[in-house]
Amino acid sequence: MNDRIQQLLDQITALEDDLRTALSEQPSTMFFQIKGKRVEFEQSIKETHRRLKRNFFRWLITDRPQNLITGPIIYAMIIPLIITDIFITFYQLTCFPIYGIKKVRRGDYIIFDRQQLNYLNFIEKFHCTYCAYGTGMIAYISEIVGRTEQYFCPIKHARKILSTHSRYARFLDYGDAEDYEAKLEKYRRALGNEK
């Protein structure tokens, strides 16, 4: 990887970190504070949330019927998600220590905080729990597989791919064979030194 690309990647990483920090600070100063795992809203926001909450029967009548019809199909996906969760977690717990790869913290990816939003009725909170688990699980799996790819084959593809994990941009260029084994070892050592 040439110095210009490395410099740009470092700038992107720094900007992404700054953006994450700014986004996390913005709402906490205006609407809520995070205290441990609890989110506490200002009293005026709590009152607004309670006022805006639709009761279950009104929600059921006004909700789109196709959502109710397809609900069983959507929620059936919990089975492969849980099975994948079990297998990927087992893989990480058994193999990452052998490879010297730092484990992925599940709580950094699967976050259940939408249940504290009082403007959602119990069905909407249930939907949010499912979505938080599903999208969090996919991100958790992506990070585990990304670390695995960095360990075994940190090489970019010849063809452009639509979406990549966060590590991919720093991988070796396709066909860059010079000092491959030494570079591979460097990538592997980096996995054990992560925060």
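Laboratory data are not the source of any read-out in this text; all were calculated from the coordinates shown. Note that the structure is predicted; figures quoted are calculated from it, not measured. Note that we place each Cβ from the backbone using ideal geometry, even for glycine, and neighbour counts take in every protein chain shown.
Ignoring everything except DSSP H segments at least 4 long, calculate the 222 nm mean residue ellipticity for the chain; use -39,500 (n - 2.57) per segment, divide by total residues, nearest 500.
-21500 deg cm²/dmol
Hey, if you put +1 on the Cβ of every Lys and Arg and -1 on every Asp and Glu Cβ in the chain, which of L68, F41, N55 ends up farthest toward the positive end of that dipole?
So the residue we want is N55.
Where Lys and Arg each count +1 and Asp and Glu each count -1, what net charge lies around G107 among other residues with Cβ under 13 Å from its Cβ?
It works out to a net charge of +1.
Just going by the charge dipole of the chain, with Lys and Arg at +1 and Asp and Glu at -1 on Cβ, which of I110, Y180, H165 is farthest out on the positive end?
Checking the options against the dipole of the chain, the answer is I110.
As a footprinting exposure proxy, order F90, F41 by other Cβ within 10 Å, with the fewest listed first.
Ordered from fewest to most neighbouring Cβ atoms within 10 Å, F90, F41 come out as F90, F41.
From the P(r) of the chain, could you give the percentage of C-alpha pairs in the tail past 30 Å?
Counting every Cα pair in the chain, those more than 30 Å apart make up 42 percent.
Mind checking which of R51, R38, R159 has the largest fluctuation in a GNM of the chain, springs on alpha carbons under 10 Å?
Maximum fluctuation in the GNM of the chain, among the listed residues, is at R159.
For Cα pairs less than 8 Å apart in space and 6+ apart in sequence, what is the mean separation divided by the residue count of the chain, i.e. the relative contact order in percent?
Reported as a whole number, the value is 23 percent.
Along the charge dipole of the chain, which of I141, Y119, L191 sits closest to the positive end, that is, farthest toward it, with unit charges on the beta carbon of Lys, Arg, Asp and Glu (+1, +1, -1, -1)?
Final value for the positive-end residue is Y119.
How many angstrom lie between the C-alpha centres of the range 35-51 and the range 121-175?
Distance between centres, Cα-based: 32 Å.
Let me know the charge dipole size of the range 65-192 about its Cα centre in debye, to the nearest 20, where only the beta-carbon of Lys, Arg (+1) and Asp, Glu (-1) is charged.
Here the range 65-192 has a charge dipole of around 160 debye.
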